[in-house]
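Structure first, commentary second.
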Amino acid sequence: MSPAQRVAAGPTPTIEVLPVPRAVLGESPLWHPEEAALYWVDIDGCALHRWQPAPATHTQWSLPCEPGCAAPMLGGGLLLAQRDGLWHFDTERGTRRRLAKPPFEPAEARFNDGKADPQGRFWVGSMHEPRDPARSALYRYASGKLERIAGDVATSNGLAWSPDGRTLYWSDSRAHRVRAFAVDPLDGSLSHGRVFAQFDPPAADGNPEGYGGAPDGAAVDTEGCYWVAMYRGSCLQQLAPDGTRRRTWPLPVRCPTMPCFGGADGRTLFVTSAAPRGPDGVRSDGAGGGPPDGAVLSLRVDVPGLPVNFARP
């Protein structure tokens, strides 16, 4: 039996709901190995969260505007990408210091998914509001400079790197497409872009039957598999390094947003989620009856994930 077949045939793991507040739009989970803590953001709730399993402590910081994502920084604190720019956030004092202004008009766009690469460069995508036409882009922050790297997507998402750091994954959720690029480790330039995975969009009549969701945030394990949260698909898809599907992992939430690997051995998978929008376009707090939408989930997996990369100041 091949490794792919062994994964597909594995038992369904126990999924736990962390005892933390439900998010409106939970995103960007990261396991901080030095603190043995999980961080994530609530975009629409304008908040940063931290969960320390031992001794079961939850901390929440209110923010002046939406945080799209976070990354740990060398020297301490976090790099926060918010609607009003990139910031260094001091988790001890609860204060922030601006690193870069937003490269867009904040009334029309905000930062979305972002992570640091193995060299400490911080990559972050934007989300243009409204999303038609596709005016969102991918940016790279390094040595105090923020540069536009690529564009013409509707919803920038799914950033992750292969174990050797030479492949970058980047998705456009609205197009239901994940692309892969060759990365030059020295200068961070991208080349040889290709479609890594293409998912089916929803039916034209809006019928949700058979819809598998849109690719949202992602993480990569030590075997090079790409784990992507399928927004409105109630699952994670585990894709092999060649883009073929290894396994579908069902989840008890309708809108999972991003997985990350953590815990002492890297084999605990944490997944953030969002409360779906209602007919009026407004999200609830996810705390009503039914699925635990907005919760942070955890489950144990067989293969550890890559550790989080730290952003350089």
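At a glance:
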item	result
Near pairs, Cβ below 7 angstrom, 6+ apart or cross-chain, from the stretch 220-248 (open to solvent by less than 60 Å² (accessible area, probe 1.4 Å)) to any residue that is basic (Lys, Arg)	CYS225/ARG246; SER234/ARG254; GLN237/ARG245; GLN238/ARG246; GLN238/ARG247; LEU239/ARG245; LEU239/ARG246; ALA240/ARG246
Complete set of residues in the stretch 289-306 that are over 24 Å from ASP42 (Cβ atoms) and in a loop (DSSP other than H, G, I, E, B)	VAL301, ASP302, VAL303, PRO304, LEU306
Residue ID - surrounded by the most Cβ atoms within 10 Å (Cβ to Cβ), chosen from residues in the stretch 182-219 that are over 24 Å from TYR139 (Cβ atoms) and polar (S, T, N, Q)	GLN198
Enumeration of residues in the stretch 54-91 that are out of contact with any Lys or Arg (no Cβ under 8 Å at 6 or more places or on another chain), open to solvent by 50 Å² or more (accessible area, probe 1.4 Å) and in a loop (DSSP other than H, G, I, E, B)	ALA54, PRO55, ALA56, PRO64, GLY75
Selection count where residues are free of Cβ contacts under 8 Å to residues at least 60 places away in the same chain, of a type in the set (A, V, I, L, M) and closer than 24 Å to SER298 by Cα, scope the stretch 44-79	6
Given (1) over 30 Å from GLU35 (Cα atoms); (2) touching a residue at least 40 places away in the same chain (Cβ under 8 Å); (3) surrounded by fewer than 16 Cβ atoms within 10 Å (Cβ to Cβ), index of the condition GLY144 fails	(1)
Residue selected from the stretch 1-53 under the condition open to solvent by 60 Å² or more (accessible area, probe 1.4 Å) and hydroxyl-bearing (Ser, Thr, Tyr), by the criterion modelled with the highest pLDDT	THR14
Pairs with Cβ under 9 Å, 6+ apart, first in the stretch 90-104 and more than 15 Å from ALA70 (Cβ to Cβ) and of a type in the set (A, V, I, L, M, F, W, C), second modelled with pLDDT under 95 and part of a loop (DSSP other than H, G, I, E, B)	PHE104/ARG135
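The values are calculated or read from the model by the stated rules, or taken from the named source; none is laboratory data. This structure is a prediction, so every number in the text was calculated from the model and none was measured. Here the Cβ is made from the backbone with ideal geometry for all residues, glycine too, and neighbour counts use every protein chain on show. Note: accessible area is taken over every heavy atom of the protein model, side chains too, but ligands, DNA and RNA are not part of it. Shrake-Rupley method; radii C 1.70, N 1.55, O 1.52, S 1.80 Å.
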